[in-house]
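Working notes for the structure below.
The values are calculated or read from the model by the stated rules, or taken from the named source; none is laboratory data. Source: prediction; values computed, not measured. Backbone-built Cβ (ideal geometry, glycine too); neighbour counts: all protein chains shown. Side chains are part of the model used for accessible areas, which takes the heavy atoms of the whole protein and leaves out ligands, DNA and RNA. Shrake-Rupley method; radii C 1.70, N 1.55, O 1.52, S 1.80 Å.
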Amino acid sequence: MTTDRWIPASREAPAKQTADRAEEGRVRRKVTAATAVGNFVEWFDSGAYAIMSATIAGLFFPQYDATAALLATWAVFAGGFIARPLGAAFFGRYGDRIGRNRMLALSVLCMSGSTFLIGLLPGYAALGITAPVLLFLLRTVQGFSTGGEYTGAAAFIMEYAPEGRRARYASVVPLTVGLASVAGAMTGLALTSSLDESALNSWGWRVPFLLAGPLGLIGLYLRSRIQDTPVFRAMEKRDAVHKAPLRDAWRVCRRQVLTLFGYSITNAIGYYLMSSYMIAYMSEEVGYSKAEAMLTSVVAMLAYSAACPLMAAASDRFGRKPMLLVACGGFTVATLPAFWLIGTGLPGAVLGATVLAVLVAVIGTSNVPAMVEMFPGQLRASGSAIGYTAAYVLFGGTAPFVATGVVSLAGSPLAPGFYLMLVAAVSALVVLFAFRETVHLPLTRTSVLEK
């Protein structure tokens with residue numbers, strides 16, 4: 001005869017707590033992996049486009065003027081940002097109404113598919129004007145997808161994160177952006193080093209784009225197997241999901257949206273000058289070889305990636321506002337010396353680019369948690385998407401184009417540094433006078449921040 005073993009409550013409770021903690025840890029690891037892989041795929045395309053910008057300029061645009069062709073290439077790059085507001089509106093509303101995980105699964109599918117198709121496009125010699133038009137349309141689909149990805153991924157992982165460690169979990173989002181850029185730069189470096197110009201122009205430039213196909217399937221698989229966040233499930237249970245979250249976010253959280261825009265413009269310009277623009281800047285404006293420019297980009301992005309978890313830990317300890325002020329002040333003071341260093345030789349170029357990279361990590365790892373924390377749960381995906389995406393559309397996507405233009409107009413390679421310094425000073429004022437500390441705010445709240 002067997003009998004059930006009696007376990008005292010004093011022993012049963014700790015055992016259950018241990019099991020619950022183990023399960024929470026397992027779920028968070030799955031969430032982190034799904035966020036990381038999907039976000040990596042989303043941002044690999046920007047790295048691939050930047051790496052191959054000079055090659056794309058030669059293949060997709062008539063070569064009457066090399067500078068005009070490069071400007072056209074960056075115009076197409078910026079054109080991808082035109083669709084970001086539509087993507088932000090669609091995915092933000094979708095995330096607040098249907099769920100964070102479904103939104104992210106759809107965004108990675110759109111991004112990987114359009115990136116893969118870019119790798120199959122014929123050039124100007126085969127299709128004439130149709131080639132850059134198709135390139136622009138596919139970049140538009142990419143922009144549409146990206147409009148909701150970054151903010152959606154941030155909300156998704158933070159709504160699973162434990163208290164006091166939100167920025168460290170959220171740092172997976174900017175960290176994987178950096179790793180995607182490193183992977184893209186290393187792919188480009190390997191291709192340009194091992195292929196002659198004929199092979200690079202015929203098929204080599206396509207490789208980074210074609211890789212998005214299998215990577216996207218992996219991201220889609222991981223994201224489709226994750227349950228939605230506890231915050232969203234609780235909202236569904238309370239029937240607190242808004243029918244028009246985009247409209248409501250602008251109506252009741254306008255101050256937060258504008259504040260987010262005000263300091264995100266520095267994040268946007270700093271990132272795209274440091275990543276997408278730097279390779280073309282060093283090779284076309286300063287006179288480095290493509291291999292030297294790509295090597296500098298790889299080192300800078302590795303420094304950025306390494307700095308992300310460290311700066312995120314500082315954000316959890318000291319708060320979002322102090323770190324945002326440090327970043328904006330750092331850009332105001334150090335940007336011009338960094339650009340000067342880039343023109344002094346390869347060691348100086350690596351150092352200057354690394355300074356910019358670390359400053360981007362400082363602002364990015366506080367920007368991500370702050371933009372999630374400053375909005376109530378039912379309007380979070382919509383509100384953060386509006387403010388953050390607007391900054392990247394108006395300032396991030398145009399940064400390489402504006403930088404190329406101001407160098408040409410001013411006749412000085414330091415001109416982009418002055419541009420970033422001016423914008424950083426504006427963002428510092430926004431943070432100082434309009435930003436309210438968010439580090440201690442609960443993510444389950446439904447109330448809007450007071451003025």
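When the range 113-152 is limited to residues that are small (Gly, Ala, Ser) and open to solvent by 10 Å² or more (accessible area, probe 1.4 Å), the one that is nearest to LEU394 (Cα to Cα) turns out to be GLY113.
Within the range 317-331, the residues that satisfy the criterion of being part of a helix (DSSP H, G or I) and of a type in the set (Gly, Ala, Ser) are ALA327, GLY329, GLY330.
Test each condition in (1) crowded, with 18+ Cβ neighbours inside 10 Å; (2) at pLDDT below 85 for MET158 and report the one that comes out false. Single failed check for MET158: (2). Entry remark, the range 407-424: residues being over 13 Å from ILE269 (Cα atoms), open to solvent by 40 Å² or more (accessible area, probe 1.4 Å) and of a type in the set (A, V, I, L, M, F, W, C) number 3 in total. Just one residue in the set ALA334, ALA307, ALA312 is touching a residue at least 60 places away in the same chain (Cβ under 8 Å) and part of a helix (DSSP H, G or I); that residue is ALA312.
Is there a residue in the range 227-237 that is touching an Asp or Glu at 6+ places or on another chain (Cβ under 7 Å), open to solvent by 50 Å² or more (accessible area, probe 1.4 Å), modelled with pLDDT under 85 and within 19 Å of ILE157 (Cβ to Cβ)? Yes, because at least one residue in the range 227-237 is touching an Asp or Glu at 6+ places or on another chain (Cβ under 7 Å), open to solvent by 50 Å² or more (accessible area, probe 1.4 Å), modelled with pLDDT under 85 and within 19 Å of ILE157 (Cβ to Cβ). Please work out which one of (1) within 28 Å of GLU373 (Cα to Cα); (2) over 24 Å from the mean Cα position of the chain (by Cα) is the condition ALA249 fails and give its number. Failed condition: (2).
Against the criterion of being assigned to a helix (DSSP H, G or I), over 19 Å from THR404 (Cβ atoms), of a type outside the set (Gly, Ala, Ser) and open to solvent by less than 10 Å² (accessible area, probe 1.4 Å), PHE261 does not qualify. For the range 185-224, a residue qualifies if it is among the basic types (Lys, Arg) and closer than 15 Å to ILE118 by Cα, and exactly one does: ARG206.
Every residue in the range 315-324 that is in contact (Cβ under 8 Å) with a residue 60 or more places away in the chain and among the aliphatic types (A, V, I, L, M), please.
Of the residues in the range 315-324, the ones in contact (Cβ under 8 Å) with a residue 60 or more places away in the chain are 315-316, 319-321, 324.
If the condition is that a residue be in contact (Cβ under 8 Å) with a residue 60 or more places away in the chain and among the aliphatic types (A, V, I, L, M), then LEU324 is the only one that fits.
Among the small types (Gly, Ala, Ser) and surrounded by fewer than 24 Cβ atoms within 10 Å (Cβ to Cβ) - does that describe any residue in the range 349-361? No, that holds for no residue. For the range 248-257, the criterion of a residue being under 18 Å from ALA381 (Cβ atoms), in a loop (DSSP other than H, G, I, E, B) and open to solvent by 30 Å² or more (accessible area, probe 1.4 Å) is satisfied by no position. Within the range 163-183, restricting attention to residues that are assigned to a loop (DSSP other than H, G, I, E, B) and in contact (Cβ under 8 Å) with a residue 12 or more places away in the chain, the residue that is surrounded by the fewest Cβ atoms within 10 Å (Cβ to Cβ) is GLY164.
Assessment of the range 65-74 against the conditions (modelled with pLDDT under 70, out of contact with any Cys (no Cβ under 7 Å at 6 or more places or on another chain) and within 17 Å of TYR392 (Cβ to Cβ)) yields at least one matching residue.
In this structure, TYR281 does not satisfy being under 22 Å from the mean Cα position of the chain (by Cα), hydroxyl-bearing (Ser, Thr, Tyr) and within 22 Å of VAL173 (Cα to Cα).
Once the range 306-324 is narrowed to residues that are of a type outside the set (D, E, K, R) and crowded, with 20+ Cβ neighbours inside 10 Å, the residue that is nearest to the chain's Cα centre (by Cα) is CYS308.
When VAL393, VAL430, VAL402 are checked against the criterion of being closer than 18 Å to VAL326 by Cα and either surrounded by fewer than 18 Cβ atoms within 10 Å (Cβ to Cβ) or not aromatic (Phe, Trp, Tyr) (or both), VAL430 stands alone in meeting it.
Please verify whether PRO369 is at negative phi, out of contact with any helix residue (DSSP H, G or I) (no Cβ under 7 Å at 6 or more places or on another chain) and of a type outside the set (Lys, Arg), treating the condition exactly as stated. So PRO369 does not fit the description; no. No other residue among LYS16, LYS30 is modelled with pLDDT under 75, open to solvent by 10 Å² or more (accessible area, probe 1.4 Å) and basic (Lys, Arg) apart from LYS16. Determine, yes or no, whether MET371 is crowded, with 19+ Cβ neighbours inside 10 Å and farther than 24 Å from GLU149 by Cα. So MET371 fails the test.
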